[in-house]
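The structure appears right after this line, and notes come after that.
The values are calculated or read from the model by the stated rules, or taken from the named source; none is laboratory data. Predicted, not measured: the structure shown is a model, and the values here were computed from it. Here the Cβ positions follow ideal geometry from the backbone for every residue, glycine too, while neighbour counts run over all protein chains shown.
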Amino acid sequence: MELMAKISFVIYALIILGGGLVAVTSQSLVRALVGLISTLLGVAGMYMLLATPFMAFMQILIYVGAVAVIVFFAVMLTRADEGGEEADPAPIRQSLGSLAAVAAVGGVLSWVLLTKPVQGLKVPVEVAVEELGKGLMESYFVAFELISVILLVAMSGAVLLAWERRVKK
């Protein structure tokens, strides 16, 4: 059983890394969004490995189902004109500078983790989904409603801007 968990971890890690690479290196915004979605699905798989199906479901529902769809609509509504110029790919010098910056940050973080290991955490108490839902909807009800209103206003604004642009042409 432990071997299957390790294999699943490697598969989900590869999905996350592959999706991230597609999202970062793709020239097309739609393909980059597909890479982002696959990365988010890989993270949901990691939640399943941690035996937290509620978090996996929330990952899929909120990030894949809501945020990715909003980003997709934003990309579709703000498409460049057919004759528009595409951005030039980054020169090799900028790519090497970016790689050096990532390597420096990774090196510092690796050094900190290797020299000052974190002590193991205690296993948290299992909370029932019903109790979690009550806690979120009683204490944070206003926050959830405000977030949904902000997302609605953002989408409405994007549609309005796209509509005005098409009417002026």
What is the residue count in region 144-162 for residues that are of a type in the set (A, V, I, L, M, F, W, C) and out of contact with any helix residue (DSSP H, G or I) (no Cβ under 9 Å at 6 or more places or on another chain)?
-> 7
What pairs can you find where one residue is in region 151-164 and in a helix (DSSP H, G or I), the other is surrounded by 11 or more Cβ atoms within 10 Å (Cβ to Cβ) and modelled with pLDDT of 75 or more, and their Cβ atoms are less than 7 Å apart, with a gap of 6+ or different chains?
-> LEU151/ILE70; MET155/ILE70; MET155/PHE73; ALA158/PHE73; ALA158/ALA74
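Here's the yes/no breakdown for (1) of a type in the set (Asp, Glu); (2) in contact with an Asp or Glu (Cβ under 8 Å, 6 or more places away or on another chain); (3) surrounded by 17 or more Cβ atoms within 10 Å (Cβ to Cβ); (4) closer than 29 Å to LEU99 by Cβ:
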site: TYR12; (1), (2), (3), (4): no, no, yes, yes
site: VAL22; (1), (2), (3), (4): no, no, yes, yes
site: GLN27; (1), (2), (3), (4): no, yes, no, yes
site: ILE37; (1), (2), (3), (4): no, no, yes, yes
site: ALA56; (1), (2), (3), (4): no, no, yes, no
site: GLY65; (1), (2), (3), (4): no, no, no, no
site: VAL69; (1), (2), (3), (4): no, no, no, no
site: PHE72; (1), (2), (3), (4): no, no, no, no
Looking at LYS122, LYS116, which one is more than 25 Å from SER28 (Cα to Cα) and modelled with pLDDT under 80?
-> LYS122
Among the residues of region 1-50, write down those that are over 30 Å from GLN94 (Cα atoms) and assigned to a loop (DSSP other than H, G, I, E, B).
-> MET1, LEU50
Can you confirm whether region 75-96 contains a residue that is surrounded by 10 or more Cβ atoms within 10 Å (Cβ to Cβ), of a type outside the set (Gly, Ala, Ser), modelled with pLDDT of 80 or more and under 30 Å from GLY45 (Cα atoms)?
-> no
